[in-house]
1. Taking chain A as a Gaussian network, Cα atoms linked when under 10 Å apart, which of A:F28, A:F198, A:F15 shows the biggest mean-square fluctuation?
2. For the protein assembly as shown, rounded, prolate or oblate, judged on the Cα gyration tensor with a ≥ b ≥ c (square roots of eigenvalues), a/c < 1.5 rounded, else prolate if a/b > b/c?
3. Going by a ≥ b ≥ c, the root eigenvalues of the Cα gyration tensor, does region A:128-182 fall in the rounded group (a/c under 1.5), the prolate group (a/b larger than b/c) or the oblate group?
4. Please give me the summed charge of the neighbours of A:S105: other residues whose Cβ is under 13 Å from its Cβ, Lys and Arg +1, Asp and Glu -1.
5. Please turn the phi angles of region A:66-72 into ³J(HN,Hα) values with the Karplus equation 6.51 cos²θ - 1.76 cosθ + 1.60 (θ = phi - 60°), one per residue in order, whole Hz, x for glycine and proline.
6. For chain B, set up a GNM with springs between Cα atoms under 10 Å and report which of B:Y194, B:Y95, B:Y103 has the largest fluctuation.
7. Considering chain B as a Gaussian network with a 10 Å cut-off on Cα pairs, which listed residue, B:P18, B:P65, B:P115, attains the greatest mean-square fluctuation?
8. When a/c reaches 1.5 or more, the comparison of a/b and b/c decides; with that in mind, is region A:55-99 rounded, prolate or oblate per its Cα gyration tensor?
Protein chains: 2
Amino acid sequence: MSLQPDNNLPNGGPFSDPERAAVYRAIFERRDVRRNFLRAPIADAALSRILTAAHHAGSVGFMQPWDFVVVREEATKRTVKQLFQESNAQAAVHYEGVRATLYRSLKLEGIEEAPINICVTCSRQRGGRHVLGRSTVRDTDIYSTCCAIQNLWLAARAEGIGVGWVSILDHGALKRVLGIPRPVKVLAYLCLGYVSDFATQPELETAGWRARIPVEQLIHHESWGNKAVFTSDGQPNGKGS
Amino acid sequence: MSLQPDNNLPNGGPFSDPERAAVYRAIFERRDVRRNFLRAPIADAALSRILTAAHHAGSVGFMQPWDFVVVREEATKRTVKQLFQESNAQAAVHYEGVRATLYRSLKLEGIEEAPINICVTCSRQRGGRHVLGRSTVRDTDIYSTCCAIQNLWLAARAEGIGVGWVSILDHGALKRVLGIPRPVKVLAYLCLGYVSDFATQPELETAGWRARIPVEQLIHHESWGNKAVFTSDGQPNGKGS
């Protein structure tokens, strides 16, 4: 597998059925992983492939606003873990009774267990004052960076590497820990490590925290509220009803 | 290919080399497509697969905040195209001289040429007042929706369907056109259609608007500014320098 995809120009043609199935497999088997990381280190070549995949997301005005801070040192992870614990203690007070018990039983991060942590940022001033395509919706640079994160997540799944997104962190404090300059925005703190297998469904679904919404409830035809039901053969049924 | 991935539970195991290569192929060959859409309609089954792929992104607190408004009617596309033209006229004044000429030569949308347009939204109040994992960073619902968009984009590539993200649109006006309620946020307006082939590099790179940044310039080790150069065998060289 080449580190530099540009050396092997893509052919741009159709995907075979097995190729298409592999893409869907990565999408459906990607999980937010917080436990059971293996101790095996992530090979630099695999990390390079994953970050190169992230870097090949589209971006508004080809701005490429992302950066990746790769953390391996135990001391740094320990400090970030403390930031999580502080924020999580504040978050836990929002729940009461059974829900509070369930909340406290959930494992919401794997910062210290994961061999590599990656902080993904968005440099909002990259590309100058006027970025093509960004004048109307200023946050499109953030959206682009999230697309890069999803590329990273799917590439990692294909490599057998689990990724967990720690969202319960004070980003201001995290920036001070990692030396990230003030104008640069933190978007994600990710924990990466090989796992022996991936869960068949999201942990919050398994834990009974929330159910998956049937996709047809989220599809509107022509205008908001105009729902259609897709039948088993993929035909919309009741479109316009 | 099953419409309902949950009927074929994923196996969770490792990817074969061809499967892994297919995932990278989708990532590296995904393009922001604005031209050369074929007239062939998108089969409902393919559309269902793509939207189901989007729906299988991870989301903060398993919130699943996204909705998809699927637009096929010419009259609606024409109205949205007018919104684009108004916003683009405002955007074009930021450029002067050669850059202005180049800007005006770029094709920035394929709203009317694409058989299907999809508006992707984020329902920020879905899941109630306290969404697990969202108390510290409130915009994580937006980040989740962007991850869903990237799933959609990659699944579409595997289906031979090009996707173009139109970012030059007044989202307030777009919401009125599509009847989207006030609390729901528009994130993306996408144009989808089959294409005979995908360009080998981003159009803005081909047009000389901006170059791709070498990925090693975007990777920091342990803390911001601590760059490493990956050599051709994927080994970091000069880490800590």
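1. Result: A:F15 has the largest fluctuation of those listed.
2. rounded
3. Details: a/c = 2.66, a/b = 1.25, b/c = 2.13.
Note, shape of region A:128-182 comes out oblate.
4. After counting each charged neighbour, the total is +4.
5. Here the 3J(HN,Hα) series is 7, 9, 10, 9, 9, 10, 10 Hz.
6. Highest fluctuation among the options: B:Y95.
7. Looking only at B:P18, B:P65, B:P115, the biggest GNM fluctuation is shown by B:P18.
8. Since a/c reaches 1.5 but b/c is at least a/b, the shape of region A:55-99 is classed as oblate.
None of the figures in this text is laboratory data; all of them are computed from the coordinates on show. What you are looking at is a predicted structure, and each value in this text was computed from that prediction instead of being measured. We place every Cβ from the backbone using ideal geometry, glycine too, and count neighbours over all the protein chains shown.
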